[in-house]
Amino acid sequence: MIQIDGLTKRYGRFTAVNNVTLTAEPGRVTGFLGPNGAGKSTTMRILVGLTDPSSGSAHLLGRHFSQLPNPGREVGVLLDASAQHGGRTGREILTLAARTMGLSKASVGETLERVSLTEEEAGRRVRNYSLGMRQRLGIATALIGDPEVLILDEPANGLDPAGIRWMRDLLRGFADDGGTVLLSSHLLHEIEVIADDIVVIGNGRIVAQGTKQELLASGESYARSSDPTSLGRMLQSAGHNVEITTDGAVRTDADLATVGQIAFDAGLVLSELRAADGAGLEEMFLQLTAETQRDHLETPEGLDTPKGKAA
Ligand SMILES: Nc1ncnc2c1ncn2[C@@H]1O[C@H](COP(=O)(O)OP(=O)(O)O)[C@@H](O)[C@H]1O
Ligand SMILES: [Mg+2]
């Protein structure tokens, strides 16, 4: 269980994390989604005691990170997979982690297997690893102490679609065993594939949170009929918003039962009737990303420092 309450982090006059409150529940994979610069890494660094908050609190398993007796056995952390020592082999890095945590040597081989790094790969120096291999090794380091909580910052960076599915299955298994997972990403698609619950952050603030189903559901219906124009007209006269999609289907804010009833009353045959795909989250996220990029462009004017001088 992860609990963050009213967390704020200021750097001078800049607020990187602004009154963030969120929970990540055991048995669930919680995705922390936000464009670059939104405040994800700062929040996670505070969570593991690497940065002090300006105000608010962050607890893991009911305690502050510094109060955990053997943190590696309780919380697995991956903050920056490219920070691993390039001159060591993957096996050496894991062996060191195992020794620090007082784990058996056998745990090294078991964990390598769990993240699908082969003997040969584990024997290579990390500087010769692909980003995807570094991520697997980083996840191995987080997993080796058999923790209850995983905190992973952008763990899917550099993974191909098969790698992302692999990670989903791994984290699913971890959560099904009762573990708590908080993972961040700046890509909606990754979070959609991997997470059960989603927390969206933009410009340091939480802008949405809920289950994936809740956030992806549009609350609209999608219907195909032999006569979409008539169906659309009927729905409109019943007071609903209607859009005929480019592929000739009807999209409306009426619920499924209403669409079915109206079609039935009008004697129209439906060949498809289902909940419409949600564009809500995607649109919100695109807007957040666009805003952040605009902010970056406007930064020199946004700050009241003379032009041409570093802020
Ligand atoms: N040590 C720091 N000093 C000043 N600004 C910082 C510092 N660390 C992060 N920031 C700023 O805080 C914001 C959030 O950063 P970060 O948490 O890394 O975002 P994310 O991980 O979502 O991309 C960014 O604008 C970043 O430049
Ligand atoms: Mg980050």
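The values are calculated or read from the model by the stated rules, or taken from the named source; none is laboratory data. The structure presented is a predicted model; accordingly, all values stated were derived computationally and were not measured. All Cβ positions, glycine included, derive from the backbone under ideal geometry; neighbour counts span all protein chains shown. With ligands, DNA and RNA removed, areas are computed over all heavy atoms of the protein, side chains included. Shrake-Rupley method; radii C 1.70, N 1.55, O 1.52, S 1.80 Å.
What is the percent carbon and sulfur in the accessible area of the chain, measuring with a 1.4 Å probe over the protein chains and ignoring ligands? Before the final figure, lay out the partial values.
Working: 7630 of 15660 Å².
On the chain, the fraction of accessible area on carbon and sulfur atoms equals 49 percent.
Please label the shape of the range 71-131 as rounded, prolate or oblate, based on the square roots a ≥ b ≥ c of the eigenvalues of the alpha-carbon gyration tensor (a/c under 1.5 means rounded; beyond that, a/b larger than b/c means prolate, else oblate).
Cα axes put the range 71-131 in the oblate bin.
Amide H of Lys9 versus every other amide H placed in the peptide plane: which residues, excluding those fewer than 5 positions away on the same chain, fall under 5 Å?
Ala16, Val17, Asn18, Asn19, Ser54
What is the packing order of peptides 23-30, 158-165, 173-180, 41-48, taking the mean over residues of other C-beta atoms within 10 Å and listing the highest first?
41-48, 23-30, 173-180, 158-165
Which ³J(HN,Hα) values in Hz, rounded to whole numbers, follow from the phi angles of the range 206-213 under the Karplus curve 6.51 cos²θ - 1.76 cosθ + 1.60, where θ = phi - 60° and Gly and Pro get x?
Going residue by residue, I get 6, 10, 6, 7, x, 6, 4, 4 Hz, with x marking Gly and Pro.
Hey, can you grab everything whose amide H is under 5 Å from the amide H of Leu78? Only 5+ residues off in sequence or another chain; H modelled, so Pro and N-termini drop out.
Residues meeting the amide H criterion: Ile151, Leu152, Asp153.
Whose amide H sits under 5 Å from the amide H of Ile206, counting only residues 5 or more places off or on another chain, with H placed in the peptide plane?
Here the answer is Thr21, since their amide H atoms fall under 5 Å of that of Ile206.
Please give the net charge around Ala58, taking every other residue with its beta carbon less than 12 angstrom from that of Ala58, where Lys and Arg add +1 and Asp and Glu add -1. Spell out each step's value before the answer.
On the way: positive: Lys9, Arg45, Arg63; negative: Asp5, Asp52.
Summing Lys/Arg as +1 and Asp/Glu as -1 gives +1.
Suppose only helical runs count, i.e. DSSP H with n ≥ 4. What mean residue ellipticity at 222 nm does that imply for the chain under -39500 (n - 2.57) per run, divided by all residues and rounded to the nearest 500 deg cm²/dmol?
-11500 deg cm²/dmol
Calculate one ³J(HN,Hα) per residue across the range 63-71 by plugging θ = phi - 60° into the Karplus curve 6.51 cos²θ - 1.76 cosθ + 1.60, and present them in order as whole Hz with x for glycine and proline.
In residue order, the calculated couplings are 10, 6, 3, 5, 8, 7, x, 9, x Hz.
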